[in-house]
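Nothing in this text is a laboratory measurement; each read-out follows from the coordinates by a stated rule. Keep in mind that this is a model prediction, so the values were computed, not measured. Counting neighbours? That spans all protein chains shown, and the Cβs are built from the backbone with ideal geometry, glycine included.
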Amino acid sequence: MNRIDHDLLSIQEARILVENAREAQKLLAAYPQAKLDKIVGRMAEEVNQYARELAVMSQEETGFGKWQDKFVKNVFASEFLYKKIRDMKVVGIIREDKENKTMDIGVPVGVIAALPPATNPVSTTIYKTLIAIKSGNAIVFSPHPKARKTIGKVLDILIRTAEGCGLPPGAIGYLRTLAADGTAELMNHKDTALILLTGVPKLVRAAYASGKPTIYGGPGNGPAFIERSADLKKAVTDIITSRTFDYGIVSASEQSIVAEDCIAEEVRQELRRNGGYFMSPEESEQLGKLFFLPDGRLNPEFVGRSAEVLAQCSGLSIPQGTKVLLSEQKYVSAANPYSREKLCPVLAFYVEKDWMDACEKCIELLVNEGRGHTLVIHSNNESVIREFALKKPVSRVLVNTPATLGGIGATTNLFPALTLGCGAAGGSTTSDNVTPMNLINIRKVGYGVRQIEEISSGVIAKEATAANRTGGLSQQSVETQDLRELLKQLLEQLT
């Protein structure tokens, strides 16, 4: 089979999948919340039993990260997330204000095109499927080529389970013939209502070119600021724990540390005690050359690899037990690899005079890359925390917590999510941790509570007051009286 045939087959498959999803969603749209919840519950329960197996399969297929941490994320998506969404009202009447006589009705958007990443293929696929069906939508996936087998197995489990308890066939689907043209057709199809894109930067432009609303969980470049009032031991432990979780491939993970000068040496020592290795300038340059390809994309050979593997590949000699590689930096630029997101346990280390200079450094880093994503601050000074929260171009400010786990809602009370919106600043339609509520339209219902005469009488009273002040009726008063008379006649005709 030649390449052209493969592309055409992928396009045709995408069309069939979306058309089947459209018909299935018409049926799904009539399901009450209770029936949707039953299906979602069964899917979550069933896929949870495969969480470990799928974690191992994911690591073996992609080579990214640690299966043990992927296991945690898979349980997070199938159990922790499910408990959070289980009792949510998302479709039908979701809010009613009897006093003000208004109602909100949740209406599914329709067919969702979903693009999961190779870095978190299982957890993200489970998450997207659960929130889509919870909100009465159909969902069609274009699996990442590097994780096609794993994503396919996850979806086979979810489809079999869901259809076994009443999901219309076609409501969950995925491309088996993978090609760029097929993915483009999936996004551009007239019946696709929304694109849910996580961690696939090269498809962002194509998604927006489709003209469809796009929820994009983009790259992070989150700095971690350690302020002088922080519990330094806890701050460093949190950062190391976060940066080594699944070898640093979660987008919310810290990419740099910014420390105040007065505590910088103590922070360095604490980092060393916790498995941090500070590279020399020569070693930093040697390693830095390997992170990105000539076209600016991340080098996949270094994504989700341990510090030990990174050192071996770059010819560095590091102490046994090293968990994170650190590079002392002064400046931020697009050409500096340590100023950008790297999906591996490497951190830039900046020292600033005080929290105000640190604030500016954090902004520089975020503007360079990761605008709209995440920042973490370690501090016990509430006024400094609030200054950071008010002034940073991010959608999430995390306080005294590991960013990887805090950003997705595991160690914070943010909504548990594996697609983290970056807002307008980051090119997404939302800045939320994406929930089922982001996948519906809300139909507003308002009952009449006052008559037009009540509104117009207020206008007449104001005109009369103005006329008394000026000694006669203005032209506007005459026009208002004419309008009132016309409204009265119309009301008489209606009754």
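Overview of results
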quantity	calculated
Förster radius 51 Å - calculated FRET efficiency between residue 290 and residue 83 (Cβ-Cβ, nearest 0.05)	0.80
Sorted by Cβ density within 10 Å, fewest first, the residues 422, 262, 165	262, 165, 422
Mean-position separation - Cα centroids, segment 254-301 and segment 350-396, in angstrom	19 Å
Charge tally in the Cβ shell below 15 Å around residue 332, where Lys, Arg are +1 and Asp, Glu are -1, residue 332 excluded	-1
Charge tally in the Cβ shell below 12 Å around residue 41, where Lys, Arg are +1 and Asp, Glu are -1, residue 41 excluded	+1
Sequence-separation-based contact order of the chain, relative, with Cα cut under 8 Å and 6+ spacing, percent	17 percent
Helix 382-391 vs. the chain, principal-axis angle (Cα, 0 to 90°, nearest 10)	70 degrees
Degrees, to the nearest 10: 452-470 long Cα axis against longest axis of the chain	80 degrees
Gain in span if fully extended, residue 23 to residue 261, counting 0.36 nm per residue against the direct Cα distance	79.5 nm
Among 411, 445, 36 the positive-end extreme of the charge dipole of the chain (Cβ point charges)	36
Cα-based shape type of segment 293-344, given that a ≥ b ≥ c are square roots of the gyration tensor eigenvalues and the cut on a/c is 1.5	oblate
Added length on full extension, which subtracts the Cα-Cα distance from 0.36 nm per residue, residue 399 to residue 330	22.4 nm
Computed label-point distance, nm, for sites residue 389 and residue 208 using a 7 Å Cα→Cβ extension	3.0 nm
Extended-chain gain in nm, criterion 0.36 nm per residue less alpha-carbon gap, residue 97 and residue 308	70.1 nm
Ranked list, fewest to most other Cβ atoms within 10 Å of each Cβ, for 356, 43, 187, 279	356, 279, 187, 43
Entries of 38/146; 83/444; 149/190; 89/128; 234/392 with Cα pairs more than 25 Å apart	38/146; 83/444; 149/190
Exposure proxy order (Cβ contacts within 10 Å, fewest to most) of 109, 445	445, 109
Approximate spin-label separation residue 52-residue 163, in nm, with each point projected 7 Å along Cα-to-Cβ	3.0 nm
